[in-house]
Amino acid sequence: MNPFVLVAGTLLAITAAPYVAFLGLYAWMRPSGSPATKRPAEPTVSLVLPTYNESRIVEAKLDDLLALDYPMEKVELVVVDSSSDDTREIIRNYFTKLEAPDLTLIEEDERRGLAPALNEAYEAAEREMVVKTDCDSKLPPDVLLEAAANLADPEVDAVTGRNVEVLGGSEVESGYRGVQSHIQQLESHLDSTLIFHGPFSAFENDALLPIDPKSLADDTELALKIRRQGGRVVFDPSVTYKEASHSEFVKRRTQKDRRAMGLIRLLVQHRDALGKYRKYGKVVLPFNWWFMIASPWLLTVTLVIGTVGAIIQFGGFGLALPVGVGLFTYLGQRDLLGPVQALYSLFDTQVSLLRASVELLRGKGDGTWDVDSELREAFE
Ligand SMILES: Nc1nc2c(ncn2[C@@H]2O[C@H](COP(=O)(O)OP(=O)(O)O)[C@@H](O)[C@H]2O)c(=O)[nH]1
Ligand SMILES: [Mg+2]
């Protein structure tokens with residue numbers, strides 16, 4: 001065998017080893033449900049909703065929030081609005097006819113980015129449980145009760161949930177979310193999970209901390225900081241939401257690459273947490289470092305060396321490898337891969353993570369972006 005093929009094979013085995021170990025751990029622990037000791041609870045709630053030019057969908061979002069199965073006298077809505085359209089007028093009008101919930105509307109004169117806006121909203125939130133939700137997501141009626149039941153466990157300070165339906169029907173995103181949900185369950189049963197999701201995250205008000213104004217991963221950053229301060233932060237598959245997503249390769253890049261950038265930067269900023277905080281720093285964080293930072297580069301190098309090796313070995317036929325990857329991408333983004341569609345979803349995520357680390361190395365990645373109008377259409 002030529003040395004290139006040998007090196008590529010070895011690299012692939014090294015890349016895969018932690019995943020195989022994680023899979024083994026999963027099979028051994030068989031985590032299911034939330035690791036929290038859940039019990040019925042009805043704390044007072046601050047719903048935090050950040051809005052930037054959401055006039056198309058904000059009314060539907062408010063309808064959705066008011067349909068939650070929860071005593072609305074216990075709820076306040078804290079909106080932080082940085083729009084240049086009439087989002088805030090729509091919200092104000094909506095609330096003129098309502099007795100409950102209470103509304104706190106923070107009106108920003110100009111858009112400074114999501115993280116500074118959220119810091120203001122968290123500062124203003126006064127109730128016991130603080131729930132952050134994005135405008136372009138839908139919540140089921142039981143979501144507050146499910147979240148409150150988790151926070152009733154004195155060890156647990158934050159909980160996030162599972163995307164049960166990808167609005168717009170992207171199979172790439174659903175495939176990835178399915179895999180991710182198993183990973184996050186295992187992480188939570190080991191100790192705590194890393195990623196917190198924008199459509200729904202709930203926190204103990206007492207545990208809140210300011211986030212980095214430049215953050216592109218605000219929800220995850222908050223959870224990570226809460227874990228570092230000693231609270232447990234978990235994923236519960238019974239806490240659910242729906243969010244819109246694309247399948248197509250190019251369209252996916254904008255949102256996924258930005259999110260990936262936010263997560264990688266966060267891991268690097270908190271590199272001193274590795275090895276600390278029990279299994280969170282000893283298992284969960286290293287696994288995420290491997291998945292988000294090491295694997296994308298290792299896989300790229302493997303592909304390049306493997307292609308060189310295959311060309312030396314088989315001449316022109318060696319190009320079958322990169323052509324195969326191209327074909328995989330072409331079919332995957334069209335949701336045409338059937339049973340291996342989930343594998344494509346992981347590949348797609350690795351592409352975003354690779355592009356994100358390149359962008360970060362080039363010094364890119366600050367805090368504002370365009371609201372994706374096609375995704376708003378999927379929401380409607
Ligand atoms: N107040 C405020 N809200 C923002 C800003 N940027 C985005 N948002 C809101 O934050 C939420 C998430 O934004 P979105 O564009 O959907 O992010 P994505 O889901 O990661 O693509 C939405 O409710 C937006 O309206 C901002 O600069 N200020
Ligand atoms: Mg969104």
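Bear in mind that the values in this text are calculations on the coordinates, not laboratory data. From a predicted model like this one, the values you see are computed outputs, not experimental measurements. In this analysis, Cβ positions are derived from the backbone assuming ideal geometry, glycine residues included, and neighbour counts consider all displayed protein chains.
Averaged across orientations, what area in nm² does the convex hull of the alpha carbons in the chain project? Walk me through the intermediate numbers first.
Values: hull surface 77.0 nm².
Averaging across all directions leaves 19.2 nm² for the Cα convex hull.
Return the Rg/Rh ratio of the stretch 149-214 with Cα-based radii and a Kirkwood Rh.
Numbers: Rg = 13.8 Å, Rh = 13.6 Å.
Rounded to two decimals, Rg over Rh is 1.01.
Starting from the 7 Å offset along Cα-to-Cβ, what nm value, one decimal, do you get for the label separation of ARG278 and GLN313?
Inter-label distance under the simple model: 4.6 nm.
Using helices alone, what [θ] at 222 nm do you get for the chain, with -39,500 (n - 2.57) per DSSP H run of 4 or more residues, divided over all residues and rounded to the nearest 500?
Values: 13 runs with 185 residues, N = 380.
Helices in the chain give a 222 nm mean residue ellipticity of -16000 deg cm²/dmol.
Relative to the present Cα-Cα distance, how much length would full extension add between ASP85 and ARG111 at 0.36 nm per residue of separation?
Details: separation 26, 0.36 × 26 = 9.36 nm, distance 1.19 nm.
Between ASP85 and ARG111, full extension yields an extra 8.2 nm.
By the gyration tensor of its Cα atoms, with a ≥ b ≥ c the square roots of the eigenvalues, what is the shape of the stretch 165-305: rounded for a/c under 1.5, prolate for a/b over b/c, or oblate?
On the way: a/c = 1.59, a/b = 1.20, b/c = 1.33.
In terms of gyration-tensor shape, oblate.
Rank-order 65-74, 102-111 by packing density, defined as the average count of other C-beta atoms within 10 Å over each peptide's residues, highest first. Can you show the working numbers first?
Values: 65-74: 15.4, 102-111: 13.8.
Ranked from most to least packed, the peptides come out as 65-74, 102-111.
Of all beta bridges DSSP finds with both residues in the chain, what is the antiparallel percent, to the nearest 5?
On the way: 10 of 36 bridges.
Restricted to the chain, the bridges split so that about 30 percent are antiparallel.
Return the lysines within reach of LYS279: Cα separation strictly under 19 angstrom, same-chain partners fewer than 8 residues apart disregarded; answer none if there are no such residues.
Partners found: LYS225.
Which one, PHE249, GLY178, MET29, is farthest towards the positive end of the dipole of the chain when Lys and Arg carry +1 and Asp and Glu -1 on their Cβ?
Positive-most Cα among the choices belongs to MET29.
Under 15 Å from the 7 Å Cα→Cβ point of LEU336, by amide nitrogen: which residues of the stretch 234-253?
Counting backbone N atoms under 15 Å from the label point, the list is 248-249.
Please check: in the Gaussian network model of the chain (C-alpha springs, under 10 Å), which one of GLU187, GLU89, GLU120 has the largest mean-square fluctuation.
Between GLU187, GLU89, GLU120, it is GLU89 that shows the largest mean-square fluctuation.
Multiply the residue gap between ARG271 and GLU42 by 0.36 nm, knock off their C-alpha separation, and tell me the result in nm, one decimal place.
Working: separation 229, 0.36 × 229 = 82.44 nm, distance 3.68 nm.
Gain on extension, ARG271 to GLU42, equals 78.8 nm.
Once R0 is set to 51 Å, what does the formula 1/(1 + (r/R0)^6) return for the Cβ-Cβ distance between SER373 and VAL304, expressed as a FRET efficiency to the nearest 0.05? Before the final figure, lay out each step's value.
On the way: r = 37 Å, r/R0 = 0.73.
The value I calculate is 0.85.
Within a Cβ distance under 9 Å of THR254, other residues only, what is the Lys/Arg minus Asp/Glu net charge? Each step should come with its number before you reach the end.
Details: positive: LYS251, ARG252, ARG253, LYS256, ARG258; negative: ASP257, ASP370, ASP372.
Local charge sum for THR254: +2.
Scan the chain and note any complete DSSP helix (H) whose C-alpha atoms cover at least 20 Å along its axis and whose Kyte-Doolittle average is 0.0 or more. All intermediate terms of the calculation are to be shown ahead of the outcome.
On the way: long enough: 3-29 (39 Å, 1.69); 171-190 (29 Å, -0.79); 249-269 (29 Å, -0.53); 295-314 (27 Å, 1.62); 341-361 (30 Å, 0.70).
Sorted by number, the helices that extend far enough and score high enough are 3-29, 295-314, 341-361.
With springs connecting C-alpha atoms under 10 Å apart, model the chain as a Gaussian network and identify which of ALA217, ALA41, ALA356 has the largest mean-square fluctuation.
ALA41
All other residues with a Cβ under 14 Å from the Cβ of GLN333 taken together, and with Lys, Arg as +1 and Asp, Glu as -1, what is their net charge?
Values: positive: LYS251, ARG252, ARG253, LYS256, ARG334; negative: GLU171, GLU173, GLU248, ASP335, ASP348.
Neighbourhood net charge equals 0.
For the pair LEU12 and ASP142, what calculated FRET efficiency results from E = 1/(1 + (r/R0)^6), where r is the Cβ-Cβ distance and R0 = 51 Å, to the nearest 0.05? Walk me through the numbers on the way to the answer.
On the way: r = 44 Å, r/R0 = 0.86.
Once the sixth-power term is evaluated, E becomes 0.70.
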